[in-house]
Structure formats: C-alpha cells, structure tokens
Amino acid sequence: MKRLKGITWNHTRGLLPMVATAQRFTELNPEIEISWEKRSLQEFADASIEDLAKKFDLLVIDHPWTGFGAQTNAILPLSDYLSPDYIKDQEINTVGRSYGSYVFSDKLWALPIDAATPVAAARLDILEKQGLKVPQTYADLLALAKKGLVAFAGIPVDVLMSFYMFCCSLGEAPFQSEEKVISVTTGKKALQMFRELAQLIDVANFNRNPIQVYEAMVNSDEIAYCPFAYGYSNYSRIGYSRKLLHFYDLVRLNDQPMISSLGGTGLAVSSFSEHIPEAIKYAEFTASSHVQQNIFADNGGQPGHLQAWKSERINQLTHDYFKNTLPALERAFLRPRYSGHMYFQDHAGDVVRDYLMNGGNEEAVLSALNSLYAKSLNLQTT
C-alpha cells in the first residue's frame, strides 16, 4: 500500500470533493491510499507552498503561488508528465483564465480543479418581503446599501481584490507597469467609490471573509445582498444551509458589468513526494471532465472544468449558480503571479482596509501601495 497525503482548505467546497475523489480513486487503485488534511482559508492564502510541499504529496493551491512554486521547484510542472491530449482538454475547457493562471514559464504547474471569482449573492426572500429587486446597476447597489441590507467581505485580502475590481471596472487594470500599481486618476476614483460603499455597511464585515459573509446571510435575516465576494455554490444548494442564496453576475458600472479578480484553486504535486507517479495519476483523475462533472461537483465541489459549469444537471442542483456567474468568470482579472507578489498581497490589503474604515489621503494610499509593489518586485527567493 502506497500512502499519500494531501493538504486543502477548510470548507465543504475545499475538503469534501477531495475526500470523495480520493475514496473513489482508491477503490479503482487499491494499492494507493490518499488522505486529506485541511487548513484555514487565511492559511490557504498565506502559507508558503514550499514548506507544505515538504510535508505533503498533493497540494491544493491558490494561483498567485504559481510563480513562487515554479521558481523554488517545490511543485512539479504537470505539463511534463501528462499527455498532450489531456493538457489540451484542460486548456480548451478552462473557466475564464483559470488554466492560464497556473501556467508559468510556459509550463502548467497545477490542474485547475476549482474556479471562482467575486460574484453577487442575494436572499430573494428578504428582498421580496420588502418589495425590492436584485440590484442591476451600481446606483441600485448604493440605494440598497443605504437601507442597511448590504454586506461584503472586508478582511484585507478581500478588499484588495475588490480594489482591483474597481480599477478594472473603471477601465484600467492594475500592474500594467513596474513603476506603479495603478494610475493616480483611476486609483483615487476607485478608492473613493469603494469607501462610499464601505461606509454604508456594518463594520462587523471588516472582519469577515466570504464564507463568514455567506454564513451571516443564511443564519440571520439582516443581509439581503452581497455585491461581490468569492462565490460558493454550496449556499445555492437546497439543504446546505438554513436559507438559500441565489447567485448572479456583478452589477453594471458605466453601462458595463464590473470586472472582478479571478480566484479558484489548483491541484499541484510536490516535487518532494516519494510517490510522484501515483500523485500524478490521482491529479489526472480528479481534474478529468467526467470526475469534475460528477463525483467532484456532487460532493460540494466547485469545478474548474468548463463542461461542469455548462451541465444542466449541476445547474439544476444549484439554482443556476454556474450559468448565472460564468460571465463574471470569463472576464475576470488575472492577478500577477511573479515570485515576490505574495509579499505585496500579504501587506497591501491592510493599507486599503485601513483607508476604507478610517478614511485618509488617497494619494498617500496609492504611494504606500507603490512602495510595497516595488519591494515585492525586488524580492528573491532562495
């Protein structure tokens, strides 16, 4: 018996599909056993994958770690191990830029098993009770927020992703040069718009990640709408939580739907593993079209394969979660993935969050972001 260990993140969406696929894989391959451990969502975003790769054979990773993983050789370039036909299927069936988010130096470093971006969520029962409709425009969103019915994820990493969203939606994507994060004109406007909305939400949301926002929405009857948070199809499935959430594309700003920041997860194989062929075989199984559309999706997963997103059966189970939110995935902004970028991501969110909560000078905020950016570009891993 060859025993492999994997590390994923602590939510139904992160853990259950890995356990289910591992169980079925062992039934098909009795000589291989795979066990999965979990870590918090914050640890998932922050913990070095080099350290994890020394302890685990299989890693579910966040795509901004791709460059670091490639540079340190902590994970394997899967495109060197899988057949060209399999890799082509993954590329053709990418959800938005999910496939490309794990490509670095012309190699694929993880298989996109999960796709996500911030999308909108609503408690239709609360809106209908008050004679209100799901917001369609940014003006509609502000009007609903003034009624005290809106929340969004306000922890540092999430407000940073939302800052990128405001910039992209105003017509300029961040990180277009190595001199600055964003132009002063766009950056100031994005910060001011974001703060206007932030002042209309309960301060408690500045301590909530997307999961905690959704739990607050389903376990109380105070929040009717979340305009942008990384989507979780679990909450659109009957029986998962006390109340059902319906998910939608983002509201329109200046007659165009807003553009959020791509998320999702990839399945990587540790270069330190003593069972590389077996780990590769499991990764290939888990990311395959058939498994993604069935075992993976049926056990709380949010697939990374496009055919699963288009499946009528899965959309029926999730009240059209995938069909409704796919347009947001298709236009989502892809964050930088160079090796030092995690330093920027780890610190820049604090700067944006402090401004949203306390106000301040927008140009000073942008200057602080630029300083962090410059430092991150100069970081070298050993």
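The values are calculated or read from the model by the stated rules, or taken from the named source; none is laboratory data. Source: prediction; values computed, not measured. So basically every Cβ, Gly included, is an ideal-geometry build from the backbone, and we count neighbours across all protein chains shown. When the accessible area is computed, the model is the full protein with side chains, heavy atoms only, and any ligands, DNA or RNA have been set aside. Shrake-Rupley method; radii C 1.70, N 1.55, O 1.52, S 1.80 Å.
Does Ile295 fit the bill of being open to solvent by 30 Å² or more (accessible area, probe 1.4 Å) and not in a strand (DSSP E or B)? Quick ask: steps written out before the conclusion?
Details: open to solvent by 30 Å² or more (accessible area, probe 1.4 Å): yes; not in a strand (DSSP E or B): yes.
Yes; evaluated as a whole, the condition is true for this residue.
Considering only region 37-146, give the strands (runs of 3 or more DSSP E) lying wholly within it that have at least 3 residues that are among the small types (Gly, Ala, Ser) and open to solvent by less than 20 Å² (accessible area, probe 1.4 Å). Give the steps one after another, and end with the answer.
On the way: elements: 58-62, 111-114, 118-122.
The strands (runs of 3 or more DSSP E) meeting that bar are 118-122.
Could you look through region 240-291, keep only residues that are part of a helix (DSSP H, G or I) and among the acidic types (Asp, Glu), and pick out the one that is least open to solvent (accessible area, probe 1.4 Å)?
Of region 240-291, the ones part of a helix (DSSP H, G or I) are 276-286, 289-291.
Filter again for among the acidic types (Asp, Glu), leaving 278, 284.
On the way: Glu278: 27, Glu284: 66 Å².
Selected residue: Glu278.
Within region 333-355, identify whether any single residue is touching a Phe, Trp or Tyr at 6+ places or on another chain (Cβ under 7 Å) and within 26 Å of Ser236 (Cα to Cα), and answer yes or no.
Within region 333-355 (the criterion being touching a Phe, Trp or Tyr at 6+ places or on another chain (Cβ under 7 Å) and within 26 Å of Ser236 (Cα to Cα)), the answer is yes, since at least one residue qualifies.
Pull up region 323-382, narrow it to residues that are basic (Lys, Arg) and assigned to a loop (DSSP other than H, G, I, E, B), then point me to the one that is farthest from Arg313 (Cα to Cα). It would help to see each step written out before you state the result.
Going residue by residue through region 323-382, those that are basic (Lys, Arg) are 323, 331, 335, 337, 353, 375.
Filter once more, keeping what is assigned to a loop (DSSP other than H, G, I, E, B): 331, 335, 337.
On the way: Arg331: 24, Arg335: 32, Arg337: 34 Å.
The qualifying residue farthest from Arg313 (Cα to Cα) is Arg337.
Test Gly304 against the stated conditions and say whether it is at positive phi and either out of contact with any His (no Cβ under 8 Å at 6 or more places or on another chain) or buried (at least 18 other Cβ atoms within 10 Å of the Cβ) (or both).
Values: at positive phi: no; either out of contact with any His (no Cβ under 8 Å at 6 or more places or on another chain) or buried (at least 18 other Cβ atoms within 10 Å of the Cβ) (or both): yes.
Against the criterion (at positive phi and either out of contact with any His (no Cβ under 8 Å at 6 or more places or on another chain) or buried (at least 18 other Cβ atoms within 10 Å of the Cβ) (or both)), Gly304 does not qualify.
What are the pairs with Cβ atoms under 6 angstrom where one residue, in region 177-199, is within 17 Å of Arg335 (Cβ to Cβ) and the other, located anywhere, is of a type in the set (S, T, N, Q)? Sequence gap at least six, or different chains.
Lys180/Asn370; Val181/Asn370
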